[in-house]
Amino acid sequence: MNIGLIVPARENKRHKPIAEIFQTMGAAALMSLPVETSRIRIMQDFSLVLCTVSHDASKIHSDAVRKRLRVKLAKILERERAWPVLEHPKVKGIFNSEEYYFEEVVREAAVNRLPELLRLIRGIGDLSMREITVTGHAAHLELAITMLITKVKSLNLLLPEGTPAPVEAEMAFAETGIPVHITTDYEVLNRTPLWIRFPDDHECFDLLPAKYNGVIIDLGSMQIIDTRSKKIFNIVFEFSDKIGRKIGHSILEGWRSGFLEAAIIAICSNSWNISVSEASTRLGMRLSYKA
């Protein structure tokens, strides 16, 4: 499997700016704009195919030239069997690749790798000595019990009024002896330093963060919110150092934080027919959070 990346060349003498080519050689020269092709092997069955164009190729105004460049890129990508195609923000629109949104992908992967995320967060102390609160729909509450019950002192499941309690709660207590409290009382947050909000928890909880004094892991917004220090961090996936070095800083910079990683996780998950969390692990992606 190959993924195509259209990226800008560095601003140097080897790749003259579009404006300079036009001024010195005329419009005809733009029709033969160079495209350098290289391949970065990420894994045995997966590579990135890089198509490098002039750093200011997005400034081409001629429809004919743009079409010629797209045809050239399409032939290269077809030859390299690279699909789908992602365009670096600096040359966005050259190939007219599809718009991709991967927010759901990273959320799903982060949810399933929650214990790993918890180990990264500073300031919450030893979870085995902590009482924590969780909100979310039934499937996520069940997942929280499975993931967290042996890692915490006690677990509070905060439910909206009229919501049935997960049957796993009693089973978890019977098996581990660790209390699982089912409550609809918002005051439970006053005694818990950590609140985990799973995606799509009930809207009745949306006003509570303003009154909460602690750390919120909001997996819906993919943020860690420290209400005490008034700091917000974005939860992202990052390439391993090994893969990051292969790709190179010059290629990685400029993308929206975590976008390229999320794209690759999603594409590989679909191609390999495995879950996004499994794909993220297989790719060696690591969870991180950034201000």
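The values are calculated or read from the model by the stated rules, or taken from the named source; none is laboratory data. Quantities reported herein were computed from a predicted structural model and do not represent experimental measurements. Counting neighbours? That spans all protein chains shown, and the Cβs are built from the backbone with ideal geometry, glycine included. These accessible areas exclude ligands, DNA and RNA; they are computed on the full protein's heavy atoms, side chains included. Shrake-Rupley method; radii C 1.70, N 1.55, O 1.52, S 1.80 Å.
The peptide list 83-96, 241-254, put in order of mean Cβ contacts within 10 Å with the highest first, becomes 83-96, 241-254. Over region 38-117, the fraction of Cα-Cα pairs per 10 Å bin, rounded to whole percents and listed from the shortest bin up, is 14, 38, 29, 15, 4, 0.
Normalised Debye scattering of region 198-291 at q = 0.10, 0.17, 0.19, 0.20 Å⁻¹ gives log10 I(q)/I(0) of -0.35, -0.85, -0.96, -1.01, counting only Cα atoms as equal scatterers and leaving out solvent.
For a straight C-alpha distance cut-off of 29 angstrom, the lysines reachable from Lys211 (same-chain residues fewer than eight places away being disregarded) are Lys151, Lys153, Lys230, Lys231, Lys290. Accessible area per residue for region 116-243, computed on protein heavy atoms with a 1.4 Å probe, is 52 Å².
Its Kirkwood hydrodynamic radius, worked out from the mean inverse distance over all distinct Cα pairs, puts region 127-171 at 10.8 Å. Computed over every Cα-Cα pair of the chain and binned at 5 Å starting from 0, the pair-distance distribution P(r) comes out as 1, 5, 11, 13, 14, 12, 9, 9, 7, 7, 5, 4, 2, 1, 1, 0, 0 percent. Descending by average beta-carbon neighbour count within 10 Å, the peptides 189-199, 136-146 line up as 189-199, 136-146, the highest first. Taking all protein chains together, Ser221, Ser154 sort by accessible area into Ser221, Ser154, largest first [probe 1.4 Å]. For region 135-255, the Kirkwood radius over C-alpha pairs fed into Stokes-Einstein at 20 °C and 1.002 mPa s yields D = 131 µm² per second. Cα centroids of region 100-137 and region 191-243: 8 Å apart.
At a threshold of 8 angstrom on Cα-Cα distance, excluding pairs fewer than six apart, so keeping six or more, what relative contact order does region 118-233 reach in percent?
Here the relative contact order equals 25 percent.
Expressed as a whole percent, the accessible surface of region 197-277 that belongs to carbon and sulfur atoms is 48, based on a 1.4 Å probe.
Which value results when the Cα radius of gyration for region 242-291 is divided by 2.2 N^0.38 Å?
Details: Rg = 11.4 Å, N = 50, 2.2 N^0.38 = 9.7 Å.
Normalised Cα radius of gyration, region 242-291: 1.18.
Cross-link partners for Lys90 among the lysines, with Cα-Cα distance under 21 Å and sequence neighbours closer than 8 places in the same chain left out: Lys13, Lys16, Lys59, Lys67, Lys72, Lys246.
Shape class of region 108-198 from the Cα gyration tensor (axes a ≥ b ≥ c, square roots of the eigenvalues): rounded, since a/c falls below 1.5. Among Val276, Val105, Val65, the largest mean-square fluctuation in a Gaussian network model of the chain, built with springs joining Cα atoms closer than 10 Å, belongs to Val65.
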